[in-house]
Amino acid sequence: MTQTGVVGGRLTDQVSLGVLASWVPRDAVEDAVAAAGKGARRAGGKLPPHVMVYFVMALALFADEDYEEVAARLAGTLQGWGCWDDGWEVPTSGGICQARQRLGAEPLEALFGQVAAPVADLDTAGAFVGGWRLMSVDGMEWDVPDSAANRAAFGSKAGPAGPGAFPKVRVVSISECGSHAAVAAAVGPAAGGKGSGEQALARGLYRRLEQDWLLLADRNFYGWKDWCAAAGTGAALLWRVRSNVALPVLEPLGDGSWRSVLVSPRIDPRSAARRGLLAAAGRGEDLDEDQARYVRAIEYQVPDRDGHGKDERIILITTITDWRAAPAAELAQAYHQRWEHEGGNAQLKTYLRGPGRILRSQSPAMAEQEIWGYLLTHYAISALTCAAATAAGIDPDRVKFKRTVRIIRRAIGPAFPP
């Protein structure tokens, strides 16, 4: 993401006045808490579940502050809304920790699933190609405290010097390129063995795809099962593949791309069955999608850049088989919007959490709760920034995320509704 440009004048007002409340509303919080069975156990408690949801989001917004300072800021907000009893005092760290444990991670995960949705519109720069909304899938890792429980649950990656210093949690998300807003996410161990990799976590997210999306993915995500799962939703796909993926030329197309076919790896490459499938594909016949699927392939090179040492060969496959609907040059340009996802991940880990910082939570459940709090807070900021930038007629990339966070921190009064 480009961290240039300014937030100024009218745009600053829109960002600071909207803050977070409109994107994570109180009624949605209450619904998520109720659905998770985490409602308040008694009336009149000063740390009811909905307050704790906003507290966990505030932990992400004020990563440098301790529990009691974050609670004091939140209490000030609630006092401003007339929802903090004059006889209450800011809870101790111990009381806050117990309230977090009572809440658990489930309400925040459910809340994210409820509120997180694409926010860019047709006027948002870089958000669409043709009639498709640009989306991407990518993963990142988070360091968590080196407690016995965290290490047992999440594992740690070993290097030449032995196990890593901290256990790691993997987060895979689907994000909107135009806004950087994540709209679906999965959390799992980064070193937990089979089923904990990026492909496995992403596979559970593909059911969330919409038919007007164009999902971008790097070559690490390609696999026959994954392609079929994502393509089966009806969404358009544009994925990079490794150079060893067989992509026979069935028909050269007018934009330099070619019509091709993917064949299930279960079918022996030397078998008569495979040869028969390729022959049928060459004739344009209907194929059993459990065995083979038509794609369109695009190949190009990125000219040598400083630090890379050689031209980079890129091979893309797409479900958009009509080259007139999306010419190769247009799709090649669109694919590089995938880096917007990298920018969004950097916003989360560098500008919210802080560079090199580990999470606070000593237990797996609280670590997951904390991560969902980060995802919710980042979603709200991204959505707010996108809406304000679009209204101002500028690219959201021109809005400095770091400065936006500072504005929201200064405007914490209206940030969290009672």
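The values are calculated or read from the model by the stated rules, or taken from the named source; none is laboratory data. Remember, predicted model here, so these are calculated numbers, not experimental data. We place every Cβ from the backbone using ideal geometry, glycine too, and count neighbours over all the protein chains shown. Quick note on the areas: whole protein, heavy atoms, side chains included, nothing else; ligands and nucleic acids left out. Shrake-Rupley method; radii C 1.70, N 1.55, O 1.52, S 1.80 Å.
Worth a mention:
- Within the range 162-240: Cβ-based charge dipole about Cα centre, in debye rounded to nearest 20 (Lys, Arg +1; Asp, Glu -1): 340 debye
- Here r is the Cβ-Cβ distance between E251 and A35 and R0 is 45 Å; the resulting FRET efficiency, rounded to 0.05, is 0.35.
- Distance between the pseudo-spin-label points of D286 and R219 (7 Å out from Cα toward the beta carbon): 3.6 nm.
- Projecting the Cα positions of A380, Q333, G354 onto the charge dipole of the range 324-410 (unit charges on Cβ atoms of Lys, Arg, Asp and Glu, taken about the Cα centre) puts G354 furthest along the positive direction.
- Placing unit charges on the Cβ atoms of the charged side chains and taking the dipole of the range 265-411 about its Cα centre, the candidate lying farthest along the positive direction among A280, F401, A297 is F401.
- The range 85-187, dipole about Cα centre (Lys/Arg Cβ +1, Asp/Glu Cβ -1), debye to the nearest 20: 560 debye
- Extended-chain gain in nm, criterion 0.36 nm per residue less alpha-carbon gap, E342 and T321: 4.8 nm
- ³J(HN,Hα), Karplus 6.51/-1.76/1.60, whole Hz, each residue of the range 176-186, x for Gly, Pro: 8, 5, x, 10, 6, 7, 6, 10, 7, 8, 9
- Estimated at the nearest 10 Å², the accessible area of T319 is 50 Å² with a 1.4 Å probe.
- Proximity of backbone amide H atoms, modeled 1.01 Å from N, is registered between V183 and I174, S175, E176 at under 5 Å, excluding neighbours fewer than 5 places apart on the same chain.
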